[in-house]
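> I am attaching a structure below and will ask some questions about it afterwards.
Every number here is computed from the coordinates shown, using simple stated rules; none is lab data. On a predicted model such as this, the values are computed, not experimentally measured, just so you know. When we count neighbours, we look across all protein chains shown, and the Cβ atoms used for this are built from the backbone with ideal geometry, even at glycine.
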Amino acid sequence: MPVFGRGRRECPFDLLAAAFRAEVEVLLPVLYFACSDFAIESILKVASTLPMECFFTLLRGREASIDRLSKFAADLPERLTDEIDEDICQKDEPCLKNAYYKDVSELINADFESYSGEHIVNAYLSRVCPHCNCFVVNEIERRRRDIWAEVPRFFGCPSWGILEEKFREITGSR
Ligand SMILES: [Zn+2]
């Protein structure tokens, strides 16, 4: 997601440091999250350019986000088979009874974009009928939104709702 028209891979660390110093709270969760996608080596390289408290928050949040996403990936196969409604599949033997995920461990440490429903189904789930496919994609997207809602908390920031309110106050928009 471009921030100020720049690709997130370019300089999120500079933007994070600037937003942190200027106390632009509204931007912090997105910037922390973008920075936390980088390998630890890249983060350590820029450590001296970040305010210390900002750097510590980034590391703590990075760990929280990796932990959350890894658990999501690990629990995914079992949860989806458990929770599918019986009348979704039109086949005699519901697809998800026999469906399986392959190499889902690749999702551990992957970036957040890799967690889209479409991508996970296409890359990791064995063949299922269109009804089951649609169900799984939607379920994954729902869970992904839940994780997105938790992103500010990983970095000790107020929720998106509160930040949105503050943003409206700053911009005077309603
Ligand atoms: Zn099916």
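> Using the Cα centre of region 12-171 as origin and beta-carbon charges of +1 (Lys, Arg) and -1 (Asp, Glu), tell me which of 109, 96, 70 is placed farthest towards the positive end of the dipole.
It is 109, whose Cα lies furthest towards the positive end.
> On to the next question. Arrange 160, 148 by Cβ neighbour counts within 10 Å, fewest through most, would you?
148, 160
> I've got another one for you. Can you give the net charge of the other residues whose Cβ lies under 10 Å from the Cβ of residue 123, counting K and R as +1 and D and E as -1?
Overall, the nearby charge balance is -2.
> Same structure again: If each DSSP helix of 4+ residues adds -39,500 (n - 2.57) and the sum is divided by the residues in the chain, what number results at 222 nm, nearest 500 deg cm²/dmol?
-19500 deg cm²/dmol
> Once you measure Cβ to Cβ distances between cysteines in the chain, which Cys have no partner under 4.7 Å?
Here 11, 35, 54, 89, 129, 134, 157 come out as lacking a disulfide-compatible partner, given the Cβ-Cβ threshold of under 4.7 Å.
> At a Förster distance of 25 Å, what's the computed FRET efficiency of residue 83 paired with residue 159, Cβ-Cβ distance as r, to 0.05?
Approximately 0.45, to the nearest 0.05.
> Test of understanding: what is the full-extension gain from residue 70 to residue 91, defined as 0.36 nm times their sequence separation minus their Cα-Cα distance?
4.4 nm
> Sticking with this structure for a sec: DSSP H helices in the chain with Cα extent of 30 Å or more along the helix axis and mean Kyte-Doolittle hydropathy at least -0.5?
The qualifying helices are 52-83.
> What is the sum of charges around residue 170, taking Lys and Arg as +1, Asp and Glu as -1, for the other residues whose C-beta is under 12 Å from the C-beta of residue 170?
-3
> What is the sum of charges, Lys and Arg at +1 and Asp and Glu at -1, for the other residues whose Cβ falls under 13 Å from the Cβ of residue 150?
Neighbour charge sum, excluding residue 150 itself: +4.
> While we're looking at this one, here's another question. Find which of 137, 81, 123 sits farthest along the positive direction of the dipole of region 12-171, computed with +1 on the beta-carbon of Lys and Arg, -1 on that of Asp and Glu, about the Cα centre.
123
> Here is a follow-up. Arrange 56, 154, 38 by Cβ neighbour counts within 10 Å, fewest through most, would you?
56, 38, 154
> Could you check the simple spin-label distance between residue 49 and residue 145, using points 7 Å along Cα→Cβ, in nm with one decimal?
Those two pseudo-labels are separated by 3.6 nm.
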